[in-house]
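The values are calculated or read from the model by the stated rules, or taken from the named source; none is laboratory data. Note that the structure is a prediction, hence the values are computed from the model and not measured. Cβ atoms come from the backbone with ideal geometry, glycine included; neighbour counts cover every protein chain shown. Accessible surface is based on the protein model in full, side chains and every heavy atom, while ligands, DNA and RNA are left aside. Shrake-Rupley method; radii C 1.70, N 1.55, O 1.52, S 1.80 Å.
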Amino acid sequence: MTAPRRILLVTGMSGAGKSTVLRTLEDLGWEVVDNLPLSLLDGLLEIAPPSEGDAAADRPLAIGMGIRTRDFDPERIAAMVQARVEAGQQVSLLYLDCGGTELERRYSETRRRHPLAQDRPASDGIIRERELLEPIKRWAGRLIDTTTLSANALAQEVRDLFGGKGLGEPTLSVLSFGFARGLPRSADLVFDMRYLRNPHWVPSLRPGTGLDADVADYVRADPAYAESVAEIENLLLMLLPRYRAEGKSYVTVAFGCTGGRHRSVHVAARVAARLRDEGFSPTVQHRDLGTAPQDSLEGAPAKT
C-alpha cells in the first residue's frame, strides 16, 4: 500500500512555532495530525491515500511531533523517515529551531513551563531538549530558524514554502444584493451600484434581471459604467493576491443596488467573469434575484 502523496513531519524546539506552522498548513488545505504517539506513526504512514475522485485525494498530510509526543525518540524517527524515503515515499521533515535566549523570553512571557524543566529554569530544559533533538535536526531536509520571526512572518514563510498550486487560495465569493433588504453580513468588500441608472423605472425592463441582455445593455449604456466598473475590477485584481498573502481563508465581494435584481446582478456577473479570466475561481450568488420588484423599495426615479 502507498502513503499519501506528500507527508511532512514537523518537529523542533518547544516554543519555536510548531503550532503556528500546523495551523497555517491546515489553512492551506493540508490534513494535520499533531502529537500522534510514535507507536502509531508507522501505521499512519502505511495507510493508503484516498481513492481517486475523493475530495481529500490530493491533500498533503502534516504530522506534528515533539518532546511532548508519547514515545518520542529522535533516533527512531530519523531512521523511520529515512527508510520511507528510500522506499520511494514522499516523506520530508521540517525542523523548527530558535535561539535559547529568545525561547527563554517566550516562556517567560507566556508563563509556561518547559516540558523538560518543570521544576527548574527554562534554560535547563532548552539545553537538554537541544541535545535530544540533535539527531533529527541533522537529518531534517528543511530548517526554519524562528528566532527573529513573528508568528505572522513564520506563517507567511510557511505559505511561501508549502502553499503550492491550489493550496492557500482564499475561497472567493461574488455576491449581489439589495440595500433595501440589508447588507450581507459576510461581505468583506461592498460596492454600491446605485450610482448607475436604474432599469426598474423602465416598464419593459422592470420584470427582468441583470442577467437579461436588454437589462445589461441598459446598465452598460450609463456614461459612468465602463470606467467605474473597470476600476473596480482593477482594484480587486490588486487586492486579492494581497489577501492570499495575508492568509485570509474567505473573501466575499458584494455588489449592491436598491432592490438587488438589476444593476448589482449584472455587475456581479461581469466582475466574476473577469476574475475567472484572470485565473481566480469565484462562486457567484444573487441573494435577492428572486424577490418581486417593488416601487416602494426603489425610491423615486432619477431625473434625466
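Between helix 122-139 and the chain, what is the angle of the helix's C-alpha long axis to the longest principal axis, kept within 0 to 90° and rounded to the nearest 10? Its long axis makes an angle of about 80 degrees.
Leaving out ligands, DNA and RNA, and with a 1.4 Å probe, what % of the accessible surface on the chain is carbon or sulfur? That fraction is 49 percent. Angle check, please: helix 151-162 long axis (alpha carbons) against the longest principal axis of the chain (alpha carbons), in degrees 0 to 90, nearest 10. That works out to roughly 90 degrees. Computed on the Cα atoms alone, the convex hull of region 183-294 gives a volume of 101 cubic angstrom per residue.
Which whole-number value in Å² is the accessible area per residue of region 149-284, probe 1.4 Å? Ligands and nucleic acids excluded, the figure is 48 Å² per residue. Across region 18-23, computed HN-Hα scalar couplings (Karplus, 6.51 cos²θ - 1.76 cosθ + 1.60, θ = phi - 60°) run 4, 4, 4, 4, 5, 5 Hz from first to last residue, x flagging Gly and Pro. In a fully extended conformation the segment linking Asn35 and Ser92 would gain 18.8 nm over its present Cα-Cα distance, using 0.36 nm per residue.
Can you work out the FRET efficiency for the pair Arg242 and Arg185, with r the C-beta to C-beta distance and R0 = 25 Å, to the nearest 0.05? It would help to have the intermediate numbers written out before the result.
On the way: r = 23 Å, r/R0 = 0.91.
Working from the Cβ atoms, E equals 0.65.
Rounded to the nearest Hz, the phi-derived 3J(HN,Hα) couplings of region 260-269 under the Karplus curve 6.51 cos²θ - 1.76 cosθ + 1.60 (θ = phi - 60°) are x, 10, 10, 4, 5, 5, 4, 5, 4, 5, where x marks glycine and proline. Legend: translational diffusion of the chain by Stokes-Einstein, Rh = Kirkwood radius over C-alpha pairs, 10 °C, 1.306 mPa s; D = 69 µm²/s.
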